[in-house]
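Structure first, commentary second.
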Amino acid sequence: MTAPLPEDELLLREAEKIVTAIGRMFPGLCEVVLHDLRDPRHAVRAIESGLSGRAVGDPATEIGLARVQDPDYPDVLQNYPNRFPDGRPAKSTSIGIRNSTGHYVAAICLNLDVSVLGAAADALTALARTDDRDRPPTETLRARTLDELRAAAQEFATARGSASPRGLRAADKRELVRELGDRGLLQVKHAVPTLSEVLGVSRATVYNHLR
């Protein structure tokens with residue numbers, strides 16, 4: 001007899017069926033993504049009707065990272081406004097999945113392309129409406145890049161009167177590292193070694209600033 005799967009893996013396998021079914025029901029209209037929150041750097045486990053340009057193995061979004069860090073984060077964020085990388089408006093819903101110990105292990109996210117509803121009849125107005133209450137932090141529906149990391153570091157340095165991130169004071173460098181971490185930019189592959197080079201500090205220093 002085949003040994004039973006561990007609980008977390010079983011939950012993800014069952015959730016993958018839901019993602020596939022919903023995505024194939026609304027092809028080209030609603031992107032459905034399964035995030036494996038056990039591995040935020042490679043969270044995207046399955047994606048159907050891809051509209052954001054993301055792929056399996058891409059990192060978690062800001063909401064995924066928030067769920068990993070906060071066990072009290074809401075189970076469901078319903079109908080919040082969002083935007084695809086090409087500027088199209090989207091309506092999103094994020095559903096957290098917990099295991100029997102109460103820890104988030106996965107999330108199913110639906111991103112509806114509401115731009116195609118602009119010319120629809122009044123009967124579709126309710127479908128396109130978003131809820132503003134309990135709005136989550138800004139979410140980016142695309143894979144982050146090292147170029148974004150470098151640009152954010154330079155923008156931070158410029159705002160503080162420094163020609164480059166290397167010229168920042170130690171306290172400012174610490175603040176920059178924490179800010180980039182909060183924005184999810186340190187989940188990018190090779191982010192820490194790249195940032196240590198940009199700041200002119202060791203990797204250990206970057207990790208210490210994150211603590």
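Which whole-percent values make up P(r) of the range 22-87 when all C-alpha to C-alpha distances are grouped in 5 Å steps starting at zero?
Cα pair-distance distribution for the range 22-87, in percent: 4, 16, 23, 27, 22, 8, 1.
Give me the percent of accessible area attributable to carbon and sulfur for the range 20-64, probe 1.4 angstrom. Could the numbers behind the result be given before it?
On the way: 1040 of 1860 Å².
Percent of accessible area from carbon and sulfur atoms in the range 20-64: 56.
Which distance in Å, rounded to a whole number, links the C-alpha centroids of the range 53-107 and the range 17-32?
So the separation of the two Cα centres works out to 16 Å.
Send over the per residue convex hull volume for the range 150-211, Cα only, as a whole number of Å³.
70
Provide the FRET efficiency to the nearest 0.05 for the THR158-ARG178 pair, computing r from the beta carbons and using R0 = 30 Å.
Approximately 0.95, to the nearest 0.05.
For GLN69 and ARG169, FRET efficiency with R0 = 22 Å and r from the beta-carbon atoms, rounded to 0.05?
0.20
I need the calculated FRET efficiency for the pair ASN99 and ASN208, taking r as the beta carbon distance and R₀ as 25 Å, to the nearest 0.05. Before the final figure, lay out each step's value.
Numbers: r = 31 Å, r/R0 = 1.26.
The formula returns an efficiency of 0.20 here.
The values are calculated or read from the model by the stated rules, or taken from the named source; none is laboratory data. This structure is a prediction, so every number in the text was calculated from the model and none was measured. Glycine gets a Cβ as well: all are built from the backbone with ideal geometry, and neighbour counts include every protein chain shown. Note: accessible area is taken over every heavy atom of the protein model, side chains too, but ligands, DNA and RNA are not part of it. Shrake-Rupley method; radii C 1.70, N 1.55, O 1.52, S 1.80 Å.
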